Amino acid sequence: MTGLLRVTEATFGRQVLRATLPVLVCWGTRGCPARQALRPALERIATAYAGRMQVATVLLDAAPLLAERYGVAASPTLMVFQHGERQGQAIGFLPAGLVDLLAAAVAQGAVTGDIHWCPVEAQLEDVVLIPLLARWGYTVQRQVGCVVSGRGTSQRGRIDLLVYADPATQPLTLIESKRAIRSDADLQQAVRQAAGYAQALDLATFLIAAPQGLWCYRRDGLRVTAIQHVTSLAIHAAPDQLRDLLSSTRRLRGRP
C-alpha cells in the first residue's frame with residue numbers, strides 16, 4: 001500500500017496496531033500549520049518506503065480517546081508503532097531532513113523502546129544547518145578545538161560549527177548544536193557552554209541550534225543577551241530568516 005493512511009479511532013487497531021510493517025503515525029489537529037507543513041515530507045516518505053513501512057495520519061480533533069490513551073498533547077507528534085507497541089516519538093515540527101532520518105531509522109528497525117527520538121548533533125548539522133548556511137554563501141569549520149578559561153582554570157572543548165562569511169577572515173559566529181532543548185535549564189546550559197567558546201574567540205555573537213530551531217545571543221564581555229529565537233517551522237516557511245539573522249551578527253561585528 002502506498003500513500004498516506006488516514007486513520008480514525010475505528011480503524012486504528014487494524015491499520016496501526018495489527019499492521020505487519022512499522023507504522024509512522026503523525027498526530028495533529030485540524031488547521032495546525034506545523035502539521036500541514038509536515039505533510040509533503042510524509043507523502044514523499046510514504047511513497048519512498050512503500051513495502052518497508054507505512055505512514056499514517058490521525059486527526060486529534062476526531063480521536064480524543066486515542067489521544068488520551070497515548071498521551072498525545074502536542075500537534076504535530078510523530079509516533080512509531082511496530083507489532084502493536086509504541087517504539088518512539090518526536091514531538092513538534094521537524095525539518096524535512098530530520099523527518100527523512102527518522103523514517104530511515106524506522107525502516108531499519110532502529111527506533112526501539114518508548115523513547116523520544118532525536119538526531120545526534122552531527123546529523124542535525126549535516127541535513128539542516130550546513131545546507132541552510134551554504135544556501136546563503138556561508139562556510140563552516142567543524143569540531144574546532146577551543147580552550148575556555150575561567151575562575152583560575154582552563155578547560156578544553158570543541159566548537160560544533162564556526163561560521164564564516166569569508167573563509168579568509170575571522171569567523172563571524174559559532175553554533176552550538178544540541179540533540180534537543182526540552183527545558184529552560186537545557187537552554188541555559190547550552191548558552192553557558194557557547195558563551196565560553198565565544199569569549200575565548202572574542203566573538204560578539206553565538207547561536208544555539210536544536211531540532212526545534214535557533215537561538216541567537218549577543219556577548220558583551222561576560223554579559224550575554226538574547227537577540228532572537230527562530231523556530232524550525234518559521235525557518236521552513238521563510239528560510240530568509242536565517243540569512244537575516246546572520247546578517248544581524250555581521251552588523252554586530254561592524255561589517256556591512
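Among Arg219, Arg223, Arg192, which is the only one that is surrounded by 13 or more Cβ atoms within 10 Å (Cβ to Cβ) and without any contact (Cβ under 8 Å) to a residue 40 or more places away in the chain? After ruling out the rest, the residue left standing is Arg219. Of the helices (runs of 4 or more DSSP H) contained entirely in region 2-109, those carrying at least 1 residues that are touching a Lys or Arg at 6+ places or on another chain (Cβ under 8 Å) fall at 96-107.
Take the residues in region 150-181 that are closer than 28 Å to Ile115 by Cβ, without any contact (Cβ under 8 Å) to a residue 60 or more places away in the chain and assigned to a loop (DSSP other than H, G, I, E, B); name whichever of them is most open to solvent (accessible area, probe 1.4 Å). So the residue we want is Lys178. The single residue among Ala210, Ala204 that is of a type outside the set (S, T, N, Q), open to solvent by less than 30 Å² (accessible area, probe 1.4 Å) and modelled with pLDDT of 95 or more turns out to be Ala210.
The values are calculated or read from the model by the stated rules, or taken from the named source; none is laboratory data. Being a predicted model, the structure only gives us computed values, none of them experimental. Counting neighbours? That spans all protein chains shown, and the Cβs are built from the backbone with ideal geometry, glycine included. Just the protein is used for accessible areas: all its heavy atoms, side chains included, with ligands, DNA and RNA removed. Shrake-Rupley method; radii C 1.70, N 1.55, O 1.52, S 1.80 Å.
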